[in-house]
1. Which whole-angstrom value gives the distance between the alpha carbon centres of segment 124-144 and segment 22-46?
2. Going by alpha carbons, how many degrees (0 to 90, nearest 10) lie between the helix axis of 195-213 and the longest principal axis of the chain?
3. Gain in length, R183 to S66, computed as 0.36 nm per residue apart minus the alpha-carbon separation, to one decimal in nm?
4. Using 0.36 nm times the number of residues separating V97 and T144, minus their current alpha carbon distance, what extension gain do you get?
5. Provide, as a two-decimal number, the C-alpha radius of gyration of the chain over 2.2 N^0.38 Å, N being how many residues it has.
6. On the protein heavy atoms, probe 1.4 angstrom, tell me the percent of accessible surface of segment 79-231 carried by carbon and sulfur.
7. Using the Kirkwood radius built from alpha carbon pairs, what does the Stokes-Einstein equation give as D for segment 73-123 at 25 °C and 0.890 mPa s, in µm² per second?
8. Return the lysines within reach of K220: Cα separation strictly under 26 angstrom, same-chain partners fewer than 8 residues apart disregarded; answer none if there are no such residues.
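The values are calculated or read from the model by the stated rules, or taken from the named source; none is laboratory data. Small disclaimer: the values here were computed from a predicted structure and weren't measured. Quick reminder, even Gly has a Cβ in these numbers, built from the backbone with ideal geometry, and neighbours come from all protein chains shown. Heavy atoms of the whole protein, side chains included, go into the accessibility calculation; ligands, DNA and RNA do not. Shrake-Rupley method; radii C 1.70, N 1.55, O 1.52, S 1.80 Å.
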Amino acid sequence: QPTVYAYDQRQRLQVLERRLQTLGLAAGSRVLDFGCGTGDFSRLLLRLGCDVVGYDPYLAPALSHSRFAYVGSHEAFAKLQGGFALVVSVTVLDHVVDPTEFAAALARLRALVAPAGKLLALEYAPDEEASSPAPHQAYRSLATWREYLQTAGWLLTASLPVPHPVHAPSPAFEAYRRRLVTRLVGRGARFSLLAPTAAWALGALAQRALDKAGVAEPAKSPLKLMLCSAV
């Protein structure tokens with residue numbers, strides 16, 4: 001839904017930026033945006049001074065920057081040189097449903113980072129085992145994540161619950177969604193002629209709500225921001 005996406009994506013960017021600023025990445029640090037999609041998180045990393053490689057075999061971002069390189073195929077990813085200071089994954093790894101492929105993906109990411117490299121993953125990791133919402137997505141518990149990460153050579157050092165529009169909505173999101181103007185603009189997003197303008201307006205409304213209230217950390221949420229160190 002456009003109304004939810006407009007807020008949730010900006011909220012995720014804000015959560016990720018806040019965490020990235022605590023890592024002390026040096027200017028020019030080489031970062032891999034694993035599953036870069038439309039490039040929103042790559043743009044954030046570029047703004048923070050990183051050199052970014054975006055990998056996504058399904059969607060090429062409309063992003064042109066001297067410090068951005070796009071990798072668009074499995075073959076090119078297999079040949080990618082390592083030495084990354086950081087790998088960022090935003091709701092990508094939980095779409096690797098097959099356990100063997102999931103383990104292989106974590107191991108490949110571990111091989112791509114420098115000796116002191118890190119993985120910052122915003123993924124679904126409920127506190128307890130839960131059924132997956134769809135066949136193309138796996139809900140692995142935090143404990144299961146920890147086991148797979150350890151096997152692949154990662155140490156899970158921090159896990160932060162992140163607001164989720166359905167399972168753990170923030171008060172600011174609820175207020176944004178209830179506003180009459182949000183509901184009216186959201187209806188306009190259903191019509192193709194109005195969709196671009198409505199998307200821009202929803203984004204402005206969402207950003208205003210976030211700027212005013214910030215991101216409140218929920219006590220519990222299936223969505224986690226996980227920081228891992230290479231071991």
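1. 26 Å
2. Long axis of 195-213 versus the principal axis of the chain: about 80 degrees.
3. Values: separation 117, 0.36 × 117 = 42.12 nm, distance 3.96 nm.
Using 0.36 nm per residue and subtracting the Cα-Cα distance, I get 38.2 nm.
4. Numbers: separation 47, 0.36 × 47 = 16.92 nm, distance 1.33 nm.
Stretched out fully, the V97 to T144 stretch lengthens by 15.6 nm.
5. Details: Rg = 17.9 Å, N = 231, 2.2 N^0.38 = 17.4 Å.
Compared with the compact-globule rule of thumb, the chain sits at 1.03.
6. In segment 79-231, the share of accessible area belonging to carbon and sulfur is 59 percent.
7. D, rounded to a whole number, is 213 µm²/s.
8. Of all the lysines, those that pass the test against K220 - Cα under 26 Å, at least 8 places apart if same chain - are K118, K212.
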